[in-house]
Every structure is written in structure tokens, then in C-alpha cells.
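Please read the structure below before turning to the comments.
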Amino acid sequence: MHSNEEMQSGITVIGLGRIGCVTAGCLAETGHQVWGVDSNAARVASVAAGHPPFHENLLQPIIERAVKAGKLTAAGDLRLALSQSSVVMVCINTEAPSVNDPALQGLVHLVNDILQAHRDGIFNGTIVIRSTVPPGTCDQLIRPMLRSSGLGLASNPEFLREGSSVKDFMEPSIIVVGGETPEHIQPVADLYTSMGCGVTVVGLREAEIIKYACNVFHALKICFANELGDLCSALQIDGQRVMEVLRSDTKLNASAAYLRPGFAFGGYCLPKDTRALNVCAGDLGLDLPLLASIMSSNDRHLSRAIDAVTELGKKRIGVYGISFKGGTDDFRQSPALTLVNELNNRGMEVLLFDPTIVAVQQNSPSVAIADSVLDRLSPNLDAWLTTIDAIALTQAAPAETMNRILASGLPILDLASNSVFAPKLMGVHA
Ligand SMILES: NC(=O)c1ccc[n+]([C@@H]2O[C@H](COP(=O)([O-])OP(=O)(O)OC[C@H]3O[C@@H](n4cnc5c(N)ncnc54)[C@H](O)[C@@H]3O)[C@@H](O)[C@H]2O)c1
């Protein structure tokens, strides 16, 4: 056994399943000294004999090579492995859907065992949670257990796919490390220096939820393609060809476009065409729940925005942006108009500012703008800012405008980027 003062450089991987075996084998392959631990004796014996306990392409020779070279030691004894390690990577199976779920107790017990090893002077390093765990697990469950121990804690979710796990590990599409301090993050980032892929550093909760977000996005894409394929088949259209062409647009379709939390969608086309495709499916007797849910998802998102503005408790609300998106004077089906009308219905006075509409009004007087908009429209930013008690942004404002808005000292609800840290859902800059 080693004292806390002695610096160990090995890595303990707990859980020799599909993730743990690939992690242990590939880290050993890239030169690390790895200890693999599992509560299942048969799995330990299998790895100790140089065989992964399941089939995975390319993994067998890696495990065999690592064991023969003495780079990977499969062990039933967690404390022995920890005594040789500065990093412990937790790769056990976890099915808990929420932080409060009793299924997370297995993880809690394991962290307690590591903590005990620390108290006994056996381990003094960083605990890395590689298993997929509900957002908040590290913050709410594990961090409080480690308080005052001095042990590091990081989240390092795995994104590999069974069948191509080894390739995915060695050539990762993304490496995410969540942690609170550089001392906790660096030992994990250092494990991947040979991968030639930058490490994305985030907070613990972000790291945890990014894993779920990626998997759910994959699931969403599969269901979208399948529902569209079913619709195409019913219409005697080649769905493969349709999706091939859709994918070939890497500017708007298979791209970062539209993938930011923000305000509800609207405008002339998106609502109309979403409804049309659903009517088409209905006429064919097709039940396509994903496509059918899009409009109600958008409506609920807008309702939450309206509730968030209401909860500000202010009388005169300044809404920035009335057209359905920035840079256009088109406010057909604009969700901002729905917001304005509903705030009015709830007894609030609403004053609008929209730089595009103001410019159109000044420069192109022949362009008709609805009285319902003109009646509430401020002619300039300063006039608007002096007549309102709070601001709801439905569009991103240019930097100079945003600076003046911030300088007003008014409460701001940023509906255009609702991922800002905030009470409830939206960003409130008090
Ligand atoms: N399988 C995938 O493709 C994949 C991809 C990314 C992330 N993940 C996540 O990685 C985690 C592991 O998944 P997996 O597919 O490797 O699971 P798995 O069931 O194949 O392996 C888990 C291993 O952990 C061992 N184990 C459980 N509790 C233990 C404990 N207290 N001490 C020691 N060993 C223990 C089990 O005996 C088992 O061998 C899960 O959270 C999963 O969601 C899986």
C-alpha cells in the first residue's frame, strides 16, 4: 500500500463492461498503466486471460496485448488497484433516470468505498464519472460526499458506439470533461493528449446533460428520418433519395443552423408547412407522433415564455422584436405578436421596439404596417427605454443596442437565448 504522499500514476477503471473494457484497453494501448476492476469475477478472469468478456470489433488484440505487456491488470481488489492509481474512472452500468432514483445507490456505495480508501491513505487522486448519470448526480450526490476530502471529481461521459468502440475511442468526435477546478479537470484532459482531439471543458452538470442531449438528438434524428420515410413510402416517393438530398444541404439541414435554444418559431412558412405535412399524413391514415408534436411543442415553448414575462410582475413591458425573426419586417404568424396579445390579455401594457420595422416605417412609408403594431411601436430606443418597466427580448439585439438596453438597469428577460443561467427557464438580467 502507498501513503497519500506517494504519487501514483496508474488509472483504475471500475466496471469491465462495454465501456470499461474499451476505456481500459485503449488507455493501456496509449501507454498508461491501467488496473481494471469489476464486481463480476468471471469478467475479471476473462480480461486477466486477455479476452474481453463480450465481442467488440478490434478489442480482443488490444486487451491481449495490454495484458501480456503488463499494461493492463484485471483485479477483483479495488483497494489494490486504487493504491497504484491517481485517477479512477467509474464505468459501471447505471439505469437511474433521475438523481433521486435508488438505482444510483450502487454508484454511491462505490464512491464510499473509494472515500474509505482515501481515509486509509491508499488513494489520493481524482474520481472520474464516465458512466451516464442524470444531470446533477455529481453536484448533488457525489460532491457533498467528497467535501473536505481533497479528492478530485470530474465527469467524462463516453460517446462511443458499440461495434466501432475502439475506433471511436481512438479517434473521438468529441471529448468532454466536466469539473469545477483546473486541478480536477487537468488529470482527465491529460489522458487524451495522444488522441489529437481537443478537450471541451464544461461544468459537471453540463457534461452530464451533454451525454443525454447527444443520445436524444440521435434518437430524434432516427425517428424523424423514419417518419419521413414512412410518409414518403405511403406517397410512393423514394424516402432514401429524399433524405439523401435533405442531408446534402450542409448549410441549413445537416448543420448547426437552428440548433440554439431561443424563442419560438413562426413566420409564414414553418407553421403552415408543418401543418400541411401532418394533414397529408392524416389523409393517408398515418400516425406520425413526432411530426404531429412539433406545433404543440412550439406552442408550449411560447406559453412558458409568456408565463416568464408575467412572473416579472411588471406593468409596462417593452418587447424587443415583433417580426417573426430578426432582419425582416414580416410579422405574419409572429410568435412575438402572440406574446404581445397574451400579455395585453393578462392586463399588461406592451410597448414595442423593432429596429427593422422602425427603419421600414421611416424609409419606405408605402409599406403597410398593421395599426396594432404601429400603435405600440416606439420610434427610437431611448423613447422606448424611458416608458417601460421591464424588457422581453424576442430577438438578439446588436451589441451597441444591447449595451444601451443593459445600461437602462431594467429587468431583462432574454427569450432569444433562453439558456442563460436564470431563475426558472429564461435569462433574467436584474
Ligand atoms: N454501451 C454503450 O455503448 C455506452 C456508450 C456510452 C456510455 N455508456 C454508459 O456507460 C456505462 C456502462 O455501460 P456498459 O455498456 O459498459 O455497461 P455493462 O453492463 O456492459 O458493464 C458494466 C460493468 O460494471 C460492473 N459493475 C457494476 N457495478 C459495479 C461495482 N459496484 N463495482 C465494480 N464493477 C461493477 C458490472 O459487473 C459490469 O461488468 C453506462 O452508464 C452506460 O449508459 C454506454
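The values are calculated or read from the model by the stated rules, or taken from the named source; none is laboratory data. Values in this document were obtained by computation on a predicted structure and should not be read as measured data. Cβ: placed from backbone, ideal geometry, glycine included. Neighbour counts: every protein chain shown.
Does GLY70 satisfy the condition of being touching a Lys or Arg at 6+ places or on another chain (Cβ under 7 Å), in the same structural domain as GLN186 (by TED's automatic domain parsing) and at positive phi? Considered against the rule, which asks whether it is touching a Lys or Arg at 6+ places or on another chain (Cβ under 7 Å), in the same structural domain as GLN186 (by TED's automatic domain parsing) and at positive phi, GLY70 comes out as no.
Yes/no per residue for (1) farther than 14 Å from GLU342 by Cα; (2) modelled with pLDDT of 95 or more:
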residue: GLY267; (1), (2): yes, no
residue: LYS272; (1), (2): yes, yes
residue: VAL279; (1), (2): yes, yes
residue: LEU290; (1), (2): yes, yes
residue: ILE294; (1), (2): yes, yes
residue: ARG300; (1), (2): no, yes
residue: SER303; (1), (2): no, yes
residue: LEU312; (1), (2): yes, no
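Look at (1) in contact (Cβ under 8 Å) with a residue 12 or more places away in the chain; (2) more than 9 Å from the ligand (Cβ to nearest atom); (3) surrounded by fewer than 21 Cβ atoms within 10 Å (Cβ to Cβ) and you find that ASN100 fails only one, number (1). Inclusion of ASP307 among residues that are in the same structural domain as PRO335 (by TED's automatic domain parsing), at negative phi and not small (Gly, Ala, Ser) is warranted. Looking only at strands (runs of 3 or more DSSP E) that fall completely inside segment 124-230, which ones have 3 or more residues that are modelled with pLDDT of 95 or more and under 18 Å from the mean Cα position of the chain (by Cα)? Filter on segment 124-230 gives 175-178, 199-202.
Report yes if ALA41 is at pLDDT 95 or above, farther than 18 Å from VAL166 by Cα, in the same structural domain as ILE129 (by TED's automatic domain parsing) and within 16 Å of the ligand (Cβ to nearest atom), otherwise no. Yes. Criterion first (of a type in the set (A, V, I, L, M) and assigned to a strand (DSSP E or B)) does ILE317 satisfy it? For ILE317, the condition - of a type in the set (A, V, I, L, M) and assigned to a strand (DSSP E or B) - is met. Of all the listed residues (VAL199, VAL188), the sole one being in contact with a helix residue (DSSP H, G or I) (Cβ under 8 Å, 6 or more places away or on another chain), among the aliphatic types (A, V, I, L, M) and surrounded by 18 or more Cβ atoms within 10 Å (Cβ to Cβ) is VAL199. The set of residues in segment 130-160 being within 12 Å of the ligand (Cβ to nearest atom) and touching a residue at least 60 places away in the same chain (Cβ under 8 Å) consists of ARG130, SER131, THR132, VAL133, PRO134, THR137, ASN156, GLU158, LEU160. Within this structure, SER86 passes the test of being assigned by TED's automatic domain parsing to the domain that holds TYR192, in contact with a Pro (Cβ under 7 Å, 6 or more places away or on another chain) and closer than 20 Å to PRO157 by Cα. The residue of segment 76-95 that is nearest to the ligand (Cβ to nearest atom), among those that are of a type in the set (A, V, I, L, M) and surrounded by 19 or more Cβ atoms within 10 Å (Cβ to Cβ), is ILE92. Remark: ILE412 matches the filter, which requires a residue to be within 30 Å of LEU259 (Cα to Cα) and touching a His at 6+ places or on another chain (Cβ under 8 Å).
Criterion first (under 30 Å from the mean Cα position of the chain (by Cα) and not in a loop (DSSP other than H, G, I, E, B)) does VAL67 satisfy it?
Numbers: under 30 Å from the mean Cα position of the chain (by Cα): no; not in a loop (DSSP other than H, G, I, E, B): yes.
Judged against the criteria, VAL67 is not a match.
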